[in-house]
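The values are calculated or read from the model by the stated rules, or taken from the named source; none is laboratory data. Please read all numbers here as calculations on a predicted model, not as lab measurements. Note that each Cβ is placed from the backbone with ideal geometry, even for glycine, and that neighbours are counted across all protein chains shown.
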Amino acid sequence: MTPTSPLLEAVALSKRYEDGLLAVDAVSFAVAPGEIYAMLGGNGAGKSTTIHLFLDLIRPTSGSARIAGVSVQEEPLRAKAEVAYVAENVELYGELTALQNVEFFARLAGHRPSAGELAAALRRVGLEDEAHRRRLKTFSKGMRQKTGLAVAILKGAPALILDEPTSGLDPRAAWELGRLLVGLRDEGRAILMSTHDVFRAKQLADRVGIMSRGRLVAEWTRAELLAQDLEELYLRWVEAPGAATGEASGGDGSSAGETARTEVA
Amino acid sequence: MATLSGRGGPSWRIVARRELLDIVVSPKFAWTFAVSATLILLAFWVGARGFLLEQRRHEAARAADLRQMRGVTDWLEVSPLVSLPPQPLETLVAGVANDIGRNATVEGRGAIATTGSRYASEPVAALLRVLDLEFVFRVVLGLFAVLLGYDAVCGERARGTLRLCFAGGLERASFLGGKIVGALAGLTLPLLVPIGLGALLFRLAGVPMAALDWARLALVLLAGLLYLATLLALSTWISALVRQPAHAFFLALSAWVLLVLVTPRAAVSLAAHRSPVLSRDAIAAERARLQTEIWARDRATFRDRVEGILGPGSIGGHDPQQRMAEVNRFIEEQSSERERRLGELERSLLERREAQQKTQRRLAFGLARVSPAACFTLAAAELAGTSLALEDELRAQLARYQEELGRFQMAKSGGRRSGGGMRLRIAIDDGEPEAPKPIDPAELPAFRWQSPNLLPALSRSAGDLALLLAFPLVFYAAAFVTFQRYDLR
Amino acid sequence: MFGTLVHRELRGILASPRFVATFAVCSLLVLLALASGTVQYHAFQREQASLSALTDQQLAEQTRWFALRPRALRAADPLQVVASGVHLDTGRYSVVHPREPVTLRQAVYEDDAILAVFRDLDLGFVLQVVVTLYALLLTHDAVSGERESGVLRLVLAHPVPRWKVLSAKVAGNLLGLGVPLLVPLLLGWLALLLVGVPLGGRDGLRFALVLAAGLLLFAFFVVFGLMISCLTRRPAISFLVALAVWIGMVLVLPRLGLLLAGEMVPVPTAAEMDSERAGIEREMLGKEEAATSARWVARRREVMAQPELARQAYEDEKLWGWMQEDETARQEALTAIDAFGARLEERVRNLRRRQERLALGLAAWTPPAAFRTVSVAVASTDVELGARYTGAIEAYREEVRRFLLAQDPAAGAFTVRVENGQNAVRRGDEGTKPLDLSGLPRFAPPAVSLGALLREALAPLSLLLAGSLAAFGVATLAFARYDAR
C-alpha cells in the first residue's frame, strides 16, 4: 500500500435492511490519492449500496465510511465537501442548459467559476462549444455522462466516486471517459468506481475489488492482475446470475435491484 | 366500436382484453373505483333521505295551510298556499329544482307569484351545494375518465411497449381500437355495480319510483356514460398528440378544467346578459300601471251604479237580498272586465318574455354546448325533470289550478272570485244576525301536480344526447387520424 | 448557497412548458371570472335601479297612507364581483308594510333560473378550485420527480444541509408560482376600476383582503404539494395522492359537511312540530275543559243551595261573572298554548342555526373552505346576508309604521252598508289626493364595518397560515429522512 493516508476508506461497512437482507457485509477497503479503485460485481452485489453509504444517502448498520479522514456518518457536510459524485444515468436538470447546470453545481460546491472556466470544463470532457447552450434534455446519454463528469471536475474535490460510469456508452465514448479518468487520477485524485465492465476495469483500475453478495471477496493490484485472466477470476469469485441475491434486472445496474429492495422495506 | 374490423383481424380484441386487465389490476384503478363507488352510493343515499325529508315537509305544509283555514267563514278569504311536491329524481339531478320558487299563494284570479326557493331560504345549502349524482358523474368520474386515457398512447411509448406491439404486425387501427374498447369497458363496466346497488338502495329507502321514473334514471345514466366516453376519447386523442406522458396529462387536465368547470358557467354568465329578457318586475309594473288606470275609472262607475241600485230614488219594494245580488253581479262584471283587459296585457307581455327567453337560452346554452359537460348537465336535468322546463310547467299548472279555484269560488259565493281587485266587505243587516257557518277546507280543490310526460323531455334533450354521441366519435376519429402519423419509437 | 438553490428552482420553473401553460390558463380564467362578475354586478345594479324607480312610481300613485307598500332593496356591492357567495340566491328586496312580515323575495337565481343551471363563475371559484389544482400539479413532483430522475442524489452529494435544500424549494416555488399569479390579479383589479366597478378606498381594502386570502390559499397548496412530494417516492404516486386530497378538500368535503350536519343535528320537521303543538294543545284545552266542568258542577251546587224561588234570580245575577271567568280561563289556556308554540319555534330556529354552523364548521377546517369563509365574509355575501338585511328591514319597517301612524290613524276602507228598510248607503273615506311622501323614511342598507370584517377574517386566515406552516414542518421532517436513491 502507498504510504500516504487513504482518501476514501470503508471500515467494516455493513448495511442490513428492515426485511433482513444484508446488502453490505463488513466491507473494508481504502483508496489512496492518485489511484483508481474499481469495484466489480454482479447485480445486487452491493456496489451501489456501498457508494450510497459513502454519500450519506443511507446510514450503515455498523462500521463507517471516511472521506479524507472525516467520518461521513458523523460529519456529513464536511465529508461531502471532499468528494465529487457521478451517478449512473446522469439526468441533471433537463430544462437548464449545460452551462447553467455546471454553474449551479459549482456554486453548490462553494465556487464561483467564471464563464470561461465553465466552458473550459465542458470542453475538457469533450463537449463542443455549440452544445454548451443546449438544454440537457436534448443530450444523448454519452453527452449527459460527460456533463456529469464536468460537474465533478469543477467541484475540485480530492476524491471522486463514479457509479457504473461506462454502462450504456458506446466503445468510443467509454474509451474517452476512461482517458479522462486516467487524467484525473494523474492529477492526484482518489477515484472509486463501480462497474461490471470487466475489460474497462482491467484497463483503468490500479486496484480491483470483487464484490459478491455484499462481501468484498477478493482484491488485487494491477501487477497481480497482469498475470491472470481477470474474466476467469471474476467468474470464479462471483456467483452465476441465477444464484445471486439481486433480481435478474435487465442490465441496468445493481441499483435497480437494491432500490426494489427498499420499496419492499 | 362495432365498426372496428381492421384488416388485422381479431387482434384488436387481444389488445382490448389486455388493456382491460391492465386497468383493472392497476393501483390507479383500485383507488379511483373506490372513490367513485363511495360517492355514487353516497349520492343515492343522500338523495333518498333528502327526498323523504322534503316529502314530509311538503305534507306538513299542506296540513298547516288547511289548518289555518279553519274557522274562516267566507270562501273568498281563502287563498290556498300550494307548492310543488318533491320529485323523486330531483335529489339525484338537482338542476334548477332548488333555485326556482316552489310555492304560490293562489287567489281566484290575478297574477300568480312563486316564492320559496330552497336555496333562498337555506343559504347554507346554497353556499355548500349538494352532492348529487350529476355532480359525481360530471366532475369526479369525468376526472377519472381523463386519468384513464391520457397515457393510452404516449404511456406505452414511454414504457417501450408500443414498439413491441407493432413489432408483430399489428394494425394501427386495431391497436387504437383495442385500447379504446378496453378503456371504455374498464371505466364503465365496474361502475355498473355501485350504480345498480345505489338504485336498489334508493328504492329500498322508500322513494316511490314509477316505471317512468326508472326510465328517466336509466336515460340520465346513459347520458352520463356517453359523457364519460367523450372525456375518455378526448384524453386518448391528447395522448396521441403529445409524446411525453407528463405533458399529455397536463394538457388533458387543463382541457378538463376548461371544459367541465369553466366553459358552461362562463358561456351562460356572459351570454345570458347580452340577450335581454323582459323581467317579471317590468311586466308587473306595466300591469300595475294599467290596473291603476282602470281602477280609478271603475271606482267612479261603481259609486254611481251602487247609488243607483241602493240609494234614494231606487226602485222601491225590492228586498235587500235581491238588491245585494244585483250589486254582486255588477261587481263581478266589473272585475271580470278588468281582469280580462289586464290578462290580455299580461299575456302579450308574457309571450314577448317567452320569446326573448327562448332566444336567450338558445344563445347561452348554444355557446355552453361547446363543452360536453354542459350537454350532459342539460340533458340530465331535462330527463330528470329539473330543467328550466320545470319552472314553465309549474306556472302552467298553477294557472290551470287558478281556473279551477276561480270556478269553485264563483259557485260557492254566488258569482264572485277573490283576488285582483277591491276587497269588498258587504254586510247585510237583516235583523237577527245570522252567525255565518265556517267553511270546510276539505271541500277546497287540491292542487295536484301532474308529473310531465317523458316524451317532451326526451325531444328537448335529444339534441344534447346526439351531441354526446357525436363528441366521442369525433374525438376518436381525430385520435385515429393523429395516430396514423405517430412516431412509434 | 440558499440563493443559488432558489435561483435554480426559479429557472427550472420558468423554463418549463407546464408553467407557461398554467400561467396562460390561470390568467385567462382570472380575467374571465372578473368579466363574468362585472357583467353580473352591472346587471344587478340595473335591475335594482329599475325596481327602485318602479317602487317610487307606485308610491306616488297611492292615495291612502296604509296602502303604501314601499320596498327595501338590497344594495349592489362591488365585492360581489369577486365572491358571489349566497348573493345570487338571496332575495333582492322585501316589501315593507306594518301588517306584513319581512321576507326577501326574488333572488337572481329565482328570477333568472337560466343563470342557476351552471351557476356562477367568480374569482373566488377560480382561486379555490382551479388555481389550487394547478398548484398541486406543479409541485407534486418537485421532490419525487428529482428523485426519480436522479438529480436529487447529486444535489445531496454536495455539502448543503437538507433543510436548506427543501426551504429553497419552497421559497423558489412560492416565488416562481405566486408572483405570476399576482400579475393577472392586479391587472384584473385595474381593469375592474376602468370599467366602473368602484374598488377603491375601503372597498379596495376589502378586495386586497380577498386577494391576500387567495394567495395564502395558493401558498398552502404549493407547500402541501411539496409535502406530498416528500412523502412519496414516485411522481405517479405523488400525483394520485395530491389529486385525492384535492378532490376531497375542494369538491367533496364541503358538501359532506352539509350532509353530516344534517345527521348530527336533526331539525324537527314542521310535521313533528305540529304534532307536538297539537298534543300540547289537546292537553291544555282538555285540562281547561275539565276545570270548567268542575266549576260548573260547583256552580250548580251553589245554585241548588239557594231557596227554590230565588234560584233563577241568583243564576241570572251570577251568569255574567261566571261567563267572564270561563272566558278568562280559556284565554289563559290559549295564551299558554301560543307561548308554547313560540318557544317551539325558537327551539327549531336555534337548532337550525346550530346545524348551519356545524355544516359550515365541519367543512371550514380545510384551507379551501377557510378561504371561502374569508372571501364571502369580506364580500358580505356569507350565509348571514339574508338575516342581516331582514333585521335592518324590520327596523326600517318600525320606522315606517311610526311614520304612517303619525299621518293617519284610520286605515280607510270602502264599505257599503245596506240597512233594512232605510236604503241608506254609507261610504268609507278614501281620499283622492296624492300623498306628500317627502317625510317617508328611506331605507339604508346595513353598513359594512371594516373592523368587523377583519375580525371575522382573522381566524380563517390564521388557519391558512397555520396549515402552510404545518405542511412545511411535515415536509421538512419527511425530507430529512427521504430516501433519495
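On the basis of being modelled with pLDDT under 90, among the basic types (Lys, Arg) and under 24 Å from B:GLU344 (Cβ atoms), does B:ARG489 make the cut? Lay out the reasoning, then the answer.
Values: modelled with pLDDT under 90: yes; among the basic types (Lys, Arg): yes; under 24 Å from B:GLU344 (Cβ atoms): no.
For B:ARG489, the condition - modelled with pLDDT under 90, among the basic types (Lys, Arg) and under 24 Å from B:GLU344 (Cβ atoms) - is not met.
Would you list the helices (runs of 4 or more DSSP H) that sit entirely within segment B:180-293 and hold 2 or more residues that are within 9 Å of chain C (Cβ to nearest Cβ) and aromatic (Phe, Trp, Tyr)?
Hits in segment B:180-293: B:245-256.
Do we find that B:LEU367 is over 30 Å from B:SER413 (Cβ atoms), assigned to a helix (DSSP H, G or I), in contact with a Ser or Thr (Cβ under 9 Å, 6 or more places away or on another chain) and more than 10 Å from chain C (Cβ to nearest Cβ) in this structure? Lay out the reasoning, then the answer.
Numbers: over 30 Å from B:SER413 (Cβ atoms): yes; assigned to a helix (DSSP H, G or I): yes; in contact with a Ser or Thr (Cβ under 9 Å, 6 or more places away or on another chain): yes; more than 10 Å from chain C (Cβ to nearest Cβ): yes.
So B:LEU367 fits the description; yes.
Pick out the one residue from A:GLU75, A:GLU103, A:GLU164 that is within 14 Å of chain C (Cβ to nearest Cβ) and touching a residue at least 40 places away in the same chain (Cβ under 8 Å). Working first, answer last.
Numbers: A:GLU75 fails: touching a residue at least 40 places away in the same chain (Cβ under 8 Å); A:GLU103 fails: touching a residue at least 40 places away in the same chain (Cβ under 8 Å).
None of the other options fit; the residue is A:GLU164.
Does B:GLY108 count as in contact (Cβ under 8 Å) with a residue 60 or more places away in the chain, in contact with a Phe, Trp or Tyr (Cβ under 9 Å, 6 or more places away or on another chain) and either surrounded by fewer than 22 Cβ atoms within 10 Å (Cβ to Cβ) or part of a loop (DSSP other than H, G, I, E, B) (or both)?
Working: in contact (Cβ under 8 Å) with a residue 60 or more places away in the chain: yes; in contact with a Phe, Trp or Tyr (Cβ under 9 Å, 6 or more places away or on another chain): yes; either surrounded by fewer than 22 Cβ atoms within 10 Å (Cβ to Cβ) or part of a loop (DSSP other than H, G, I, E, B) (or both): yes.
Criteria met by B:GLY108.
Check whether at least one residue in segment A:39-57 is within 12 Å of chain C (Cβ to nearest Cβ), buried (at least 17 other Cβ atoms within 10 Å of the Cβ) and over 15 Å from the mean Cα position of the chain (by Cα), and report yes or no.
In the first step, residues of segment A:39-57 are kept if they are within 12 Å of chain C (Cβ to nearest Cβ); the result is A:48-49, A:51-57.
Filter once more, so that each one left must be buried (at least 17 other Cβ atoms within 10 Å of the Cβ): A:48-49, A:51-57.
Those left that are additionally over 15 Å from the mean Cα position of the chain (by Cα): none.
No - not one qualifying residue is present in segment A:39-57.
Looking only at segment B:124-132, decide whether some residue is part of a loop (DSSP other than H, G, I, E, B), more than 12 Å from chain C (Cβ to nearest Cβ) and either more than 30 Å from C:LEU240 (Cα to Cα) or in contact (Cβ under 8 Å) with a residue 12 or more places away in the chain (or both).
Within segment B:124-132, the first condition is being part of a loop (DSSP other than H, G, I, E, B), and the residues that meet it are B:129-132.
Filter once more, so that each one left must be more than 12 Å from chain C (Cβ to nearest Cβ): none.
Looking through segment B:124-132, none of the residues is part of a loop (DSSP other than H, G, I, E, B), more than 12 Å from chain C (Cβ to nearest Cβ) and either more than 30 Å from C:LEU240 (Cα to Cα) or in contact (Cβ under 8 Å) with a residue 12 or more places away in the chain (or both).
For segment B:452-477, name all the residues that are surrounded by 15 or more Cβ atoms within 10 Å (Cβ to Cβ) and not aliphatic (A, V, I, L, M).
Listed by number, the residues that qualify are B:PRO452, B:ARG460, B:SER461, B:GLY463, B:ASP464, B:PHE471, B:PRO472, B:PHE475, B:TYR476.
Go over the candidates C:PRO266, C:PRO198 one by one and state the one that is outside any helix (DSSP H, G or I), farther than 30 Å from C:GLN45 by Cβ and not polar (S, T, N, Q). Walk me through how you get there before you give the answer.
Values: C:PRO198 fails: farther than 30 Å from C:GLN45 by Cβ.
Every option except C:PRO266 fails the conditions.
Taking the condition among the aromatic types (Phe, Trp, Tyr), within 11 Å of chain B (Cβ to nearest Cβ) and in contact with an Asp or Glu (Cβ under 8 Å, 6 or more places away or on another chain), does C:TYR109 pass?
Numbers: among the aromatic types (Phe, Trp, Tyr): yes; within 11 Å of chain B (Cβ to nearest Cβ): yes; in contact with an Asp or Glu (Cβ under 8 Å, 6 or more places away or on another chain): yes.
Here the answer is yes, as C:TYR109 does meet what is asked.
Check segment C:407-430 and report whether any residue there is at pLDDT 80 or above, within 8 Å of chain B (Cβ to nearest Cβ) and farther than 27 Å from C:VAL131 by Cα.
Keep residues of segment C:407-430 that are at pLDDT 80 or above, which gives none.
Checked segment C:407-430: no residue is at pLDDT 80 or above, within 8 Å of chain B (Cβ to nearest Cβ) and farther than 27 Å from C:VAL131 by Cα.
Restricting attention to segment C:319-367, and to residues there that are free of Cβ contacts under 8 Å to residues at least 24 places away in the same chain and of a type in the set (A, V, I, L, M), which single residue is farthest from C:GLY279 (Cα to Cα)?
C:LEU319
For every residue, the table says whether it meets (1) over 24 Å from B:GLN397 (Cβ atoms); (2) of a type outside the set (Lys, Arg); (3) at pLDDT 90 or above.
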position	(1), (2), (3)
B:ALA43	yes, yes, yes
B:VAL46	yes, yes, no
B:ARG56	no, no, no
B:GLU59	no, yes, no
B:ARG62	no, no, no
B:LEU76	no, yes, no
B:SER79	no, yes, no
B:LEU84	no, yes, yes
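I'd like to verify a number: residues in segment A:210-222 that are surrounded by fewer than 24 Cβ atoms within 10 Å (Cβ to Cβ) and touching a residue at least 60 places away in the same chain (Cβ under 8 Å), how many? Reasoning before the result, please.
Filtering segment A:210-222 for residues surrounded by fewer than 24 Cβ atoms within 10 Å (Cβ to Cβ) gives A:210, A:212-213, A:215-222.
Among the residues that remain, those that are also touching a residue at least 60 places away in the same chain (Cβ under 8 Å) are: A:210, A:212-213, A:215-216, A:219.
Total meeting the criteria: 6.
Kindly check whether there is at least one residue in segment C:387-395 that is among the aliphatic types (A, V, I, L, M), surrounded by fewer than 16 Cβ atoms within 10 Å (Cβ to Cβ) and under 19 Å from C:PRO101 (Cβ atoms). Walk me through how you get there before you give the answer.
Pass one, segment C:387-395, residues among the aliphatic types (A, V, I, L, M): C:387, C:392-393, C:395.
Those still in the list that are surrounded by fewer than 16 Cβ atoms within 10 Å (Cβ to Cβ) too: C:387, C:395.
Within this subset, residues satisfying the condition of being under 19 Å from C:PRO101 (Cβ atoms) are C:387, C:395.
Checked segment C:387-395: at least one residue is among the aliphatic types (A, V, I, L, M), surrounded by fewer than 16 Cβ atoms within 10 Å (Cβ to Cβ) and under 19 Å from C:PRO101 (Cβ atoms).
Among the residues of segment C:225-245, write down those that are facing chain B (nearest Cβ under 10 Å) and either within 18 Å of C:PHE472 (Cα to Cα) or in contact (Cβ under 8 Å) with a residue 12 or more places away in the chain (or both).
C:PRO235, C:ILE237, C:PHE239, C:VAL241, C:LEU243, listed by residue number.
Among all residue pairs at least 6 apart or on different chains, which show Cβ distances below 7 Å where the first residue, located in segment C:35-63, is more than 9 Å from every other protein chain (Cβ to nearest Cβ) and the second is part of a helix (DSSP H, G or I) and surrounded by 14 or more Cβ atoms within 10 Å (Cβ to Cβ)?
C:THR38/C:VAL81; C:THR38/C:LEU192; C:TYR41/C:PRO78; C:TYR41/C:GLN80; C:TYR41/C:VAL81; C:PHE44/C:VAL108
List the pairs whose first member sits in segment C:246-259 and is more than 7 Å from chain B (Cβ to nearest Cβ), whose second member is of a type outside the set (Ser, Thr, Tyr), and whose Cβ atoms are under 6 Å apart, counting only residues at least 6 apart or on separate chains?
Going by the 6 Å Cβ cut-off, the qualifying pairs are C:TRP246/C:LEU133; C:TRP246/C:LEU136; C:MET249/C:PRO368; C:VAL250/C:VAL129; C:VAL250/C:PRO368; C:LEU253/C:ALA363.
From the list B:ARG340, B:ARG352, exactly one residue is under 26 Å from B:ARG407 (Cβ atoms) and modelled with pLDDT of 85 or more. Which is it? Spell out how you get there, then give the answer.
Values: B:ARG352 fails: under 26 Å from B:ARG407 (Cβ atoms).
Criteria check complete, one pass: B:ARG340.
Quick one: how many residues across segment C:85-120 are closer than 21 Å to B:ALA380 by Cβ and of a type in the set (Phe, Trp, Tyr)?
Here the count works out to 2.
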